[in-house]
Amino acid sequence: LAWLIKTPIAVQILFVAGLLVAARRRVTVGLLLLFPAALYMLAATRSELLLGVRLVLPAFPFVVLLGGFAIRQALETRRGQVAVVVLLGWLAGASAFIYPHGISYFNEWVKGPSEGWKYMVDSNVDWGQNLPELARYIRQNRIEKVKLYYFGFDKLHRYGLEKQVEMQAPPWGPDLVQGTKPKLVPGWYGVSVTLLPGHLFPKEYRDYFQYFRERRPDARAGYGIFLYRVL
């Protein structure tokens, strides 16, 4: 799943095409490239770490090299040259679009990074890296206070947010919260997307952020922090 939704679709197309070219032309080197990639992917599926795409990154160089077989054959014809330009342009465009939020990239199979958190979170989208964007949004919109449920280890004082941001405790345990739902009052709230699904919490708190999870955010700080205005 991580490979399917975190790898640019252009790379996936080139990989499949390169594999077909190598198989049809019986290119031994090309088929040998598939072996370490498949072996590593198979080993990763048997792991209990479930760290997402970074767990299978060592297979990517072989995927890219196999794509080279497709490019080499495609360049032999005019139509193939156009296809290569389109695919590489698509890849370049995806890279430019996501910059500088590369960690949060998801491809078009899941409607991009704004929807990817519904499939994978944690290191696949949010490591608490979006406090700078939060600070920028608060200042640009002159927001006096944001109650923030944060996933990460960055510090508010690095961005001058001590007065504008009030940290809220996620429901890691009963000693940190009262009740199975937050008591909301009118104002701005920020929630790290890794917290929204609730899978990291004890069973009784899995739906702690259901209210935020089921509504569209009013704004985003990068792709890692969603902002909601409660009226």
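The values are calculated or read from the model by the stated rules, or taken from the named source; none is laboratory data. Worth saying up front: this structure is predicted, and the values here are computed from it rather than measured. Glycine gets a Cβ as well: all are built from the backbone with ideal geometry, and neighbour counts include every protein chain shown. Protein only, heavy atoms only, side chains kept; ligands, DNA and RNA dropped before computing areas. Shrake-Rupley method; radii C 1.70, N 1.55, O 1.52, S 1.80 Å.
Values for this structure:
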quantity	calculated
Qualifying residue in segment 50-63 (condition: among the charged types (D, E, K, R) and within 30 Å of Tyr159 (Cβ to Cβ))	yes
Exclusive hit being open to solvent by 70 Å² or more (accessible area, probe 1.4 Å) and modelled with pLDDT of 90 or more, set Val110, Val85, Val63, Val121	Val85
Out of Arg142, Arg158, Arg136, sole residue that is outside any helix (DSSP H, G or I), more than 18 Å from Arg216 (Cβ to Cβ) and charged (D, E, K, R)	Arg142
Which numbered condition Thr194 fails, given (1) within 20 Å of the chain's Cα centre (by Cα); (2) in a helix (DSSP H, G or I); (3) farther than 30 Å from Leu49 by Cα	(3)
Conditions (1) over 28 Å from Pro8 (Cβ atoms); (2) modelled with pLDDT under 95: number failed by Asp126	(1)
Boolean, Gly222 is touching a residue at least 60 places away in the same chain (Cβ under 8 Å), touching a Leu at 6+ places or on another chain (Cβ under 9 Å) and open to solvent by less than 70 Å² (accessible area, probe 1.4 Å)	yes
Segment 6-32: number of residues that are open to solvent by 20 Å² or more (accessible area, probe 1.4 Å), small (Gly, Ala, Ser) and either modelled with pLDDT of 90 or more or closer than 10 Å to Gly67 by Cα (or both)	1
Out of Arg79, Arg46, Arg26, sole residue that is of a type outside the set (Asp, Glu) and at positive phi	Arg26
One residue from Leu1, Leu57 being in contact (Cβ under 8 Å) with a residue 60 or more places away in the chain and open to solvent by 30 Å² or more (accessible area, probe 1.4 Å)	Leu1
Candidate set: segment 156-166, residues that are in contact with a helix residue (DSSP H, G or I) (Cβ under 8 Å, 6 or more places away or on another chain) and in contact (Cβ under 8 Å) with a residue 12 or more places away in the chain; chosen: the one surrounded by the fewest Cβ atoms within 10 Å (Cβ to Cβ)	Arg158
Residues that are open to solvent by 40 Å² or more (accessible area, probe 1.4 Å) and not β-branched (Val, Ile, Thr), drawn from segment 94-107	Ser95, Ala96, Phe97, Tyr99, Pro100, Gly102
Tyr150, sole failed condition from (1) surrounded by fewer than 19 Cβ atoms within 10 Å (Cβ to Cβ); (2) closer than 26 Å to Gly198 by Cα; (3) not β-branched (Val, Ile, Thr)	(1)
Flag for Asn130 being open to solvent by less than 20 Å² (accessible area, probe 1.4 Å), under 21 Å from the mean Cα position of the chain (by Cα) and over 16 Å from Ala219 (Cα atoms)	no
Count - residues of segment 164-174 that are assigned to a loop (DSSP other than H, G, I, E, B) and modelled with pLDDT of 95 or more	5
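Yes or no, residue by residue, for (1) over 24 Å from His101 (Cα atoms); (2) open to solvent by 50 Å² or more (accessible area, probe 1.4 Å); (3) within 26 Å of the chain's Cα centre (by Cα):
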{"site": "Val146", "(1), (2), (3)": "no, no, yes"}
{"site": "Gln168", "(1), (2), (3)": "yes, no, yes"}
{"site": "Asp175", "(1), (2), (3)": "yes, yes, no"}
{"site": "Leu184", "(1), (2), (3)": "yes, yes, no"}
